[in-house]
Amino acid sequence: MTAHAQATVTAMWDPSPPTDKVSVYEVCVGTSSLSCNVQLTTVSVSQTMLKFSPKPGQLHYVAVRAVNAKGKGTYSNEQQFSIPSIGAIPNRTNPLNTLISPLAIPANDPDGSPLTFTHTGLPVGLSMNQSTGVITGIPTTSGTYNVTIFVSDGLATASRSFVWTVGAGATSDTTPPNLTITSHTTGLVVTTASVTIRGTATDSGRGGSGVAAVHVNSVAATGGTATGNNTANWSRTLTLASGNNTITIEAFDGKGNIQMQQIVLLYSTSSSSSTQPLSVTSLGSSRNSPQVAGTSIIFTAAAAGGRSPYQFKWWLFNGSSWTLLRDWNSSATYTWTPSQASSAYQIRVWARDSTMTTDVSSYNRTMPFTITSSSSSSSSSSSSSGGDLTITGLTPNKISPQPVGSAVTFTASASGGRSPYQFKWWLFNGTVWTLLRDWNSMTTYTWTPTQAGSGYRIGVWARDASTTADVSNVNLSIPFPVAAAATTSSATSTTTSTLRITSLSSSLASPQAVGTRVTFTAAVSGGRGPYQYKWWVHDGNSWTLARDWSTSNTVAWSGQTRATTYYIGVWVRDSTTTADVSNVNKSVSFATR
């Protein structure tokens with residue numbers, strides 16, 4: 001028996017010899033062996049074929065047997081086959097003249113037949129690999145394209161259609177660069193205070209805007225720039241404190257998009273053996289729960305004690321059973337992209353140290369994580385939108401880090417979607433996210449930290465009028481380390497007044513053309529001289545150091561890279577303070593065009 005297919009499948013068999021005196025044939029079609037759960041059909045003896053419509057993407061079994069006056073014979077050898085299916089392909093929008101992220105067509109053919117992919121209507125500049133179905137390229141002509149994808153296994157052809165829009169003119173690159181840490185893994189125990197953090201960063205396939213900078217704990221790394229799709233090989237030497245040290249690495253592309261990773265290093269003068277048992281000290285996530293299905297979430301574990309190096313094994317609980325996400329590995333991070341909504345998910349990490357080689361954990365830790373359905377907006381709201389909702393900025397009014405007890409006001413700005421907007425504010429302390437303020441129309445939040453820490457992040461969710469569920473349409477977070485409170489000697493009691501910044505002025509009025517050299521001058525009074533100054537620049541995404549502590553109260557700045565609103569900030573300390581904190585600080589905005 002053989003199977004042939006076009007829109008339907010035709011099962012064909014050879015007739016039984018006349019001596020068998022066959023009265024009818026029975027044809028069994030099922031999705032498992034001889035289950036006949038698709039159909040069991042009786043066919044006239046004069047007919048040796050049967051047409052039927054199989055479900056795409058499902059393995060089928062077909063067999064036939066003859067029936068005569070003595071009863072039913074045995075079934076023939078089963079034929080297994082399937083016809084291909086294509087999953088849903090969402091409508092896509094891409095900017096003109098920008099490399100797209102490769103699009104893989106979700107095709108399936110369980111019998112393993114080789115597939116051939118073809119198409120009609122792809123945007124000009126894009127091409128499809130006929131063997132893999134992957135679409136790549138750079139769209140070179142703007143417009144709206146009605147695309148149809150065809151996949152064939154030689155028996156049948158499946159198709160899917162969607163709309164691909166290529167934006168006219170240059171569209172903003174909103175994809176962060178790739179960031180890799182090559183020198184250390186989180187949870188590692190080191191025995192020297194000085195460590196060099198190294199890695200790579202590239203914008204290849206992510207928009208091609210280049211890598212503008214890499215920061216390690218908010219300080220620029222060496223070699224942290226690269227043009228276009230080239231790779232930046234960055235490094236930064238740090239001095240660790242005794243115990244756990246959270247290190248935040250951020251890569252910025254030329255459009256201001258940020259990719260962030262964190263590792264935790266334990267500095268101990270004796271790592272050969274620990275007097276403490278192994279423990280998982282923290283299990284955190286790059287995004288706070290809940291998130292919508294399809295969101296990529298990075299989970300990071302930190303371990304201490306025992307005997308390094310450590311290994312980790314990752315698990316997922318879906319509400320009824322545990323499944324393995326990744327087997328033993330030295331990486332303390334796992335990226336999970338859930339495809340379905342559930343409030344019952346739990347992420348678990350096992351940890352073992354170098355004294356354990358069997359498939360058991362010395363210690364484990366679990367955290368719940370809720371996934372919701374994708375938020376949707378009505379056609380009327382999207383038609384009146386100026387584009388998708390976007391958080392255009394999240395800016396503090398003071399430079400990071402600030403000492404404990406400093407009140408810092410964060411301001412979020414949004415555009416697109418359908419107003420009015422609402423915002424929900426979160427705090428990450430290096431281990432877990434906690435809610436600062438629930439949904440509200442206020443775009444600002446004032447936070448006064450009570451403890452020092454290098455792992456703090458302030459996060460904001462935003463939703464527009466099309467969403468009422470407790471999910472964000474978009475979200476954004478920025479690091480904000482907090483330093484220990486500055487201490488002053490008894491000599492301050494002899495000063496006549498408190499140290500203050502009386503003015504912060506610029507040599508040229510705002511705005512100025514990109515690249516213009518502008519000198520900023522700070523004037524101070526009070527406190528106990530001599531004074532020292534530390535200068536900072538905020539580019540709309542994060543603060544970077546312009547010049548470290550010195551006695552100069554001026555700084556010349558010409559490092560603008562694009563038209564936007566920058567902030568120039570200055571820390572000031574007097575002779576009573578030697579720690580790397582400010583007694584007072586001030587910032588002013590300065591626009592470029």
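The values are calculated or read from the model by the stated rules, or taken from the named source; none is laboratory data. In this text, all values refer to a predicted model and were calculated from it rather than measured experimentally. Cβ sites come from the backbone with ideal geometry, for glycine too, and all protein chains shown count toward neighbours.
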Practice task
Residues being touching a residue at least 60 places away in the same chain (Cβ under 8 Å) and touching a Pro at 6+ places or on another chain (Cβ under 9 Å): count how many of those fall in segment 213-234.
Solution key: 3
Handout entry: Which listed residue is assigned to a strand (DSSP E or B) and touching a helix residue (DSSP H, G or I) at 6+ places or on another chain (Cβ under 7 Å), from A11, A66
Key = A66
Problem - Hits in segment 322-374 - residues which are free of Cβ contacts under 8 Å to residues at least 24 places away in the same chain and under 17 Å from A304 (Cβ atoms) - result: M356
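Is it the case, given these coordinates, that T516 is in a loop (DSSP other than H, G, I, E, B), under 41 Å from the mean Cα position of the chain (by Cα) and at pLDDT 85 or above? Give the steps one after another, and end with the answer.
Details: in a loop (DSSP other than H, G, I, E, B): yes; under 41 Å from the mean Cα position of the chain (by Cα): yes; at pLDDT 85 or above: yes.
Answer is yes for this residue.
Could you list, in sequence order, the residues of segment 51-86 that are at positive phi and surrounded by 16 or more Cβ atoms within 10 Å (Cβ to Cβ)?
Selection gives G57 alone.
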Fill in the blank from the handout: Just one listed residue, out of F150, F162, is at pLDDT 90 or above, touching a Phe, Trp or Tyr at 6+ places or on another chain (Cβ under 8 Å) and either among the β-branched types (V, I, T) or farther than 30 Å from N329 by Cβ (or both), and it is F150
Practice task
Identify the single condition in (1) surrounded by fewer than 17 Cβ atoms within 10 Å (Cβ to Cβ); (2) out of contact with any Phe, Trp or Tyr (no Cβ under 6 Å at 6 or more places or on another chain); (3) modelled with pLDDT of 85 or more; (4) not acidic (D, E) that S506 does not satisfy, given that it satisfies every other one.
Solution key: (2)
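Restricting attention to segment 199-212, which residues are of a type in the set (A, V, I, L, M, F, W, C) and at positive phi?
Within segment 199-212, none qualify.
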Practice task
Could you check, for segment 470-479, whether at least one of its residues is at pLDDT 85 or above, over 22 Å from Q262 (Cα atoms) and among the hydroxyl-bearing types (S, T, Y)?
Solution key: no
Exercise for the section: For segment 47-63, indicate whether the set of residues that are part of a loop (DSSP other than H, G, I, E, B) and in contact with a Lys or Arg (Cβ under 8 Å, 6 or more places away or on another chain) is non-empty. Expected result: no
Completion exercise
Residue set I135, I197, I181; condition within 30 Å of S53 (Cβ to Cβ) and at pLDDT 85 or above; output residue I135
Practice task
Would you please list the contacts, defined by Cβ atoms under 6 Å and residues six or more apart or on different chains, that run from a residue in segment 150-168 that is assigned by TED's automatic domain parsing to the domain that holds N94 and within 12 Å of I105 (Cα to Cα) to a residue that is at pLDDT 90 or above and loosely packed, with under 15 Cβ neighbours inside 10 Å?
Solution key: F150/T118; S159/T148; S161/T148
